[in-house]
Structure formats: structure tokens, C-alpha cells
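A quick write-up on the structure given underneath.
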Amino acid sequence: QVRLVESGGGLVQAGGSLRLSCTASGSISSITRMGWYRQAPGRQRELVADITRGGSSNYADSVKGRFTISRDNAKGTVYVQMNSLKPEDTAVYYCNAVLGWSNYWGPGTQVSVSS
């Protein structure tokens with residue numbers, strides 16, 4: 001079992017930056033993949049970026065070159081540095097952790113980008 005808590009969301013102007021953090025508690029040594037997803041109103045939840053325990057990362061095309069994901073395995077944390085934010089990045093951002101066949105989700109944090 002893992003519990004995830006996100007922080008770092010907020011309101012920012014277009015072109016600005018935010019850093020989201022997610023801290024896991026519980027069986028953190030068993031977590032394989034961690035990542036960030038987002039869901040805008042009226043849209044499906046989509047992958048933003050994820051990262052394996054070994055540090056291999058994967059990004060959505062829409063955020064490549066602007067977002068950077070990182071992870072601290074010992075602390076059970078995952079971060080995403082978001083630069084050059086656009087209004088279309090506005091969404092609730094969710095932290096995700098994978099243990100075996102199970103997916104765990106945080107409650108989400110709102111990111112709003114004004115034009």
C-alpha cells in the first residue's frame with residue numbers, strides 16, 4: 001500500500017514556472033514507476049511524464065522540452081519542473097505510483113495558467 005500527497009500547484013501567468021512535488025508513504029521501496037498525469041475539464045486524464053526506478057523518463061509530446069521529471073527513490077518523492085507554462089497546461093495534476101499490478105493516485109493539485 002502507498003499513499004501519495006501532491007504539493008506545489010497554483011496560479012501562474014503564461015511563460016512562468018511551477019514545480020510540483022509528490023511524496024509517497026508506505027511501501028516506497030516497492031514502487032517501480034512514478035509519474036504525473038493531468039486532467040482538464042471535459043477531457044480525459046492524460047500522461048504528462050513518468051520515470052522508472054532506474055531514472056528512465058517518458059514525456060507527453062505536448063510538454064517535451066518544457067517539463068522535467070525527477071525522482072528520489074530513497075525519499076519516495078517525484079517532482080516535475082514545469083517551465084514555459086501555457087494556458088493549455090491548466091488542469092488538475094495527479095501523482096501516480098505503480099507497485100506490481102497496482103496503481104496508486106494522489107488527490108490532485110490544481111495548476112492554472114493565465115494568458
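The values are calculated or read from the model by the stated rules, or taken from the named source; none is laboratory data. Since we're looking at a predicted model, the values are computed, not measured. Positions of Cβ are generated from backbone atoms using ideal geometry, with glycine treated the same way; all protein chains shown enter the neighbour counts. Surface accessibility is based on the protein's heavy atoms, side chains included, excluding ligands, DNA and RNA. Shrake-Rupley method; radii C 1.70, N 1.55, O 1.52, S 1.80 Å.
A compact table of results
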read-out	value
Pair list, Cβ under 8 Å, 6 or more apart: region 33-44 residue over 20 Å from ASN73 (Cβ atoms), other residue open to solvent by 30 Å² or more (accessible area, probe 1.4 Å) and of a type in the set (S, T, N, Q)	ALA40/THR90
Number of the condition not met by ARG53 [criteria: (1) part of a loop (DSSP other than H, G, I, E, B); (2) exposed (fewer than 13 other Cβ atoms within 10 Å of the Cβ)]	(2)
Criterion violated by ALA24 - all others in (1) touching a Leu at 6+ places or on another chain (Cβ under 6 Å); (2) closer than 22 Å to SER115 by Cα satisfied	(2)
Residues that are of a type in the set (A, V, I, L, M, F, W, C) and surrounded by 15 or more Cβ atoms within 10 Å (Cβ to Cβ), drawn from region 1-21	VAL2, LEU4, VAL12, LEU18, LEU20
In region 69-95, the residues that are under 22 Å from GLN44 (Cα atoms) and among the polar types (S, T, N, Q)	THR90
Count - residues of region 32-50 that are surrounded by 14 or more Cβ atoms within 10 Å (Cβ to Cβ), of a type in the set (D, E, K, R) and either in contact with a helix residue (DSSP H, G or I) (Cβ under 6 Å, 6 or more places away or on another chain) or part of a strand (DSSP E or B) (or both)	2
Candidate set from region 96-115 (those that are of a type outside the set (Val, Ile, Thr), assigned to a strand (DSSP E or B) and open to solvent by 20 Å² or more (accessible area, probe 1.4 Å)); member that is farthest from LEU47 (Cα to Cα)	SER114
In region 72-95, the residues that are assigned to a strand (DSSP E or B) and in contact with a helix residue (DSSP H, G or I) (Cβ under 8 Å, 6 or more places away or on another chain)	MET82
Residue within region 22-31 that is surrounded by 20 or more Cβ atoms within 10 Å (Cβ to Cβ), in contact with a helix residue (DSSP H, G or I) (Cβ under 6 Å, 6 or more places away or on another chain) and outside any helix (DSSP H, G or I) present	no
Number of positions in region 8-31 that are closer than 26 Å to TRP101 by Cα, at pLDDT 95 or above and of a type in the set (S, T, N, Q)	2
